[in-house]
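Trainee: Next up is a structure, given as structure tokens.
The values are calculated or read from the model by the stated rules, or taken from the named source; none is laboratory data. What you see is a predicted model, and the numbers here were worked out from it, not measured in a lab. Cβ atoms come from the backbone with ideal geometry, glycine included; neighbour counts cover every protein chain shown. Ligands, DNA and RNA are stripped out before the accessible areas are found, and what is left, the full protein with its side chains, is counted by its heavy atoms. Shrake-Rupley method; radii C 1.70, N 1.55, O 1.52, S 1.80 Å.
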Amino acid sequence: MSTNTLATCLIWLAALFVTAVFVCLLADIISQGLTGLSWSYLIEPPQDAGRAGGIGSIIVSTGLILLVAIATSAPLGLATAILLTEFSTQKSTFAQFVERSLDVLSGIPSIIFGLFGNAFFCIYLGLGFSILSGGLTLACMALPILIRTATEGLRAVPNDYRLSAAALSMTRTSALIHLLVPAATPALVAGLMLGIGRAGAETAALIFTSGYVDRMPDSVMDSGRALSVHIYDLSMNVAGGDAKANSAALVLIILLFVINSVSSFLANHWMHKRIIHL
Amino acid sequence: MKPLFIDSKMRLDPAEHKVPNDSYTLGPIQAGEPCCIPKTLFSIKNLSLHYGTKPALKNVSLDIYEGCITALIGPSGCGKTSFLSTLNRLTDMLPDCKVTGDIQFNGNDLRDPSVDVLGLRRDIGMIFQKPVPFLLSIRRNIELPLREHGITKQSEVDSIVQQVLQDVGLWEEVKDRLESSALALSGGQQQRLCIARALALKPKVLLMDEPCSALDPISSAVVEDLITSLRGRYTVIIVTHNLAQAKRIANYAGFFWVSDRAGCLIEFGQCKQVFEAPVHELTAAYVDGSRG
Ligand SMILES: Nc1ncnc2c1ncn2[C@@H]1O[C@H](COP(=O)(O)OP(=O)(O)OP(=O)(O)O)[C@@H](O)[C@H]1O
Ligand SMILES: [Mg+2]
């Protein structure tokens, strides 16, 4: 057998293995979770610590937490990425310092973020156990990955665009708005997706910040239980909660999938309208 | 911020693009000859340029005359592009690029930090070696810089778009698909779009970096005719590897060469003299086509 065929086989095996793991996982969750899934399950509040009832209030809390996280991390992340790429050179001490810090931050375990969020948002800023604290903590967690992908996206835009725009006497700001950010949109959306993916699947950071309360939240200042926390709680702390945990896990997966599809659709649609083909 | 240039009456109407060659006010036009009484627009003295510590240009001194076409020739890597980018201060955008020396533009110091760079770049348009169409529709490519400069009336914008696209011979090819992506154009069409985009701002000076290198002979001829028709109203500095073209269209010619790892200007003079009676032997060899 030539090295070439061997390499081909290995590559196929690896691909097969990865796909198989994914399919098994999905099949397991679907087979165990699908039976418990119904319309009423999605809208009713949980009862008996989640053993009965639905996850209506939990979906709302999760949505609010993610919304807070996206609304704060997206503009902050984009602004930082723009500062790093367009208003400082890659070699400057400032940029290097910020990027090193972000690398370190992205490797920090989520439970540390949880403790930090608890100390800073809940106690120091006095936000208490609330959806706001949880969302802000998630934003901190998502920021490094968001900034990294956004920076790479902006850096990948050829310098020719900047020079051409300048030669046409356009200001830096308008070159950014009209040319650079649109050209980097796919990367920005991908970064946001990765960030949300990380945030949406987060448990440890939320236990300390948005709390356990499974009531329907009245505002973002209320404590709210996220789906991932609910799943954790059902499978670890509630005897006989496994079936419901599987259903909730299925909902979480579907939710992340939907967010992913919608945002890439929006990005495509938006770019199509502006006639941008990359 | 002080404006470098000049009274706005000098800006020309797009309608005037159609004025026939012989009615220019600046005197008779003849290729190879100075087109008018030479009036210095750029006066460049001892210009040097470094990328980091690596020299790219050394002690370049020359005058660029208003209303004339100046051709810059020379082998690859001798700093022609770098030279052009010092004239519209595009070198400011390159972080490790250092420029020294003196450039007078219309009697003012062009390198003065207080110069209004945006205004300067509006007066001095540039066309790049490689076309850079923006990721926008054909129309938006021209419209965007126009709107930047306060030309927002739709009828006015539309007429300028049509006018400049006609000037570069692109109108017939794209008039039915102005809303489609500029990236779908061929390389040569993209280059002509970029020329049109620069013309739309009605600059007074055009820096053209090998504008015809990606063009077929027909569109190359269109662009060449366009450049010739600009003579008298625009000051054009054109870098070209096509010696025959330089000879045909230029009034003045400069020959760059690399010596001691840095580009320098070997010879500068009237086009006819540089091509037919070069003083320097390197120039003679280069225009003969035997070197470089
Ligand atoms: N941004 C840059 N950073 C570092 N060095 C550069 C940069 N741009 C150009 N150079 C160097 O400066 C020298 C002159 O380059 P320039 O692009 O001005 O040459 P040119 O005469 O335009 O060549 P060509 O005819 O191939 O376009 C070259 O040696 C090149 O490697
Ligand atoms: Mg060049």
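Trainee: For the range B:28-55, what are the residues that are at pLDDT below 55 and either open to solvent by less than 20 Å² (accessible area, probe 1.4 Å) or of a type outside the set (S, T, N, Q) (or both)?
Mentor: B:P28, B:I29, B:A31, B:G32, B:E33, B:P34, B:C35, B:C36
Trainee: OK, next. Here are B:D123, B:D176: which of them is open to solvent by less than 30 Å² (accessible area, probe 1.4 Å), more than 8 Å from chain A (Cβ to nearest Cβ), out of contact with any helix residue (DSSP H, G or I) (no Cβ under 8 Å at 6 or more places or on another chain) and away from ligand 2 (no atom under 16 Å from the Cβ)?
Mentor: Residue meeting the stated conditions: B:D123.
Trainee: Could you identify the single residue in A:S101, A:S73, A:S106, A:S92 that is among the hydroxyl-bearing types (S, T, Y) and buried (at least 19 other Cβ atoms within 10 Å of the Cβ)?
Mentor: A:S73
Trainee: Also: Would you mind telling me which numbered condition in (1) more than 15 Å from ligand 1 (Cβ to nearest atom); (2) open to solvent by 40 Å² or more (accessible area, probe 1.4 Å); (3) at pLDDT 90 or above B:I64 fails?
Mentor: With respect to (1) more than 15 Å from ligand 1 (Cβ to nearest atom); (2) open to solvent by 40 Å² or more (accessible area, probe 1.4 Å); (3) at pLDDT 90 or above, B:I64 is out only on (2).
Trainee: Looking at (1) part of a loop (DSSP other than H, G, I, E, B); (2) within 14 Å of chain A (Cβ to nearest Cβ); (3) open to solvent by 10 Å² or more (accessible area, probe 1.4 Å), which is the one condition that is false for B:F134?
Mentor: Condition (3) is where B:F134 drops out.
Trainee: Here's a follow-up. Grab the helices (runs of 4 or more DSSP H) fully contained in the range B:153-252, keeping just those with 3 or more residues being in contact (Cβ under 8 Å) with a residue 24 or more places away in the chain.
Mentor: Where helices (runs of 4 or more DSSP H) fall fully within the range B:153-252 and carry at least 3 residues being in contact (Cβ under 8 Å) with a residue 24 or more places away in the chain, they are B:154-167, B:187-200, B:217-230, B:243-249.
Trainee: Counting just the residues of the range B:141-151 that are free of Cβ contacts under 8 Å to residues at least 40 places away in the same chain and buried (at least 19 other Cβ atoms within 10 Å of the Cβ), which one comes out farthest from the other protein chains (Cβ to nearest Cβ)?
Mentor: Taking the candidates together, the pick is B:E143.
Table: residues versus (1) surrounded by fewer than 18 Cβ atoms within 10 Å (Cβ to Cβ); (2) closer than 19 Å to B:A284 by Cβ.
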residue	(1), (2)
B:R233	no, no
B:V236	no, no
B:T240	no, yes
B:L243	yes, yes
B:I249	no, no
B:Y252	no, yes
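Trainee: Separate question: So which of A:A199, A:A139, A:A166, A:A150 is crowded, with 21+ Cβ neighbours inside 10 Å, assigned to a helix (DSSP H, G or I) and within 14 Å of chain B (Cβ to nearest Cβ)?
Mentor: The conditions single out A:A166.
Trainee: Can you confirm whether the range B:198-208 contains a residue that is within 30 Å of B:P55 (Cβ to Cβ), open to solvent by less than 50 Å² (accessible area, probe 1.4 Å) and within 16 Å of ligand 1 (Cβ to nearest atom)?
Mentor: Yes; the residues of the range B:198-208 include at least one that is within 30 Å of B:P55 (Cβ to Cβ), open to solvent by less than 50 Å² (accessible area, probe 1.4 Å) and within 16 Å of ligand 1 (Cβ to nearest atom).
Trainee: Filter the range A:42-60 down to the residues that are more than 25 Å from the chain's Cα centre (by Cα), in contact (Cβ under 8 Å) with a residue 60 or more places away in the chain and in a helix (DSSP H, G or I) and list them by number.
Mentor: A:A49, A:G50
Trainee: Check B:K80, B:K98 and return the single one that is basic (K, R) and within 16 Å of ligand 2 (Cβ to nearest atom).
Mentor: Unique residue meeting the criteria: B:K80.
Trainee: Looking at A:G53, A:G114, which one is open to solvent by less than 50 Å² (accessible area, probe 1.4 Å) and on the phi > 0 side of the Ramachandran plot?
Mentor: A:G53
Trainee: Next question. Among the residues of the range B:93-109, count how many are under 17 Å from B:T53 (Cα atoms) and modelled with pLDDT of 90 or more.
Mentor: Count: 5.
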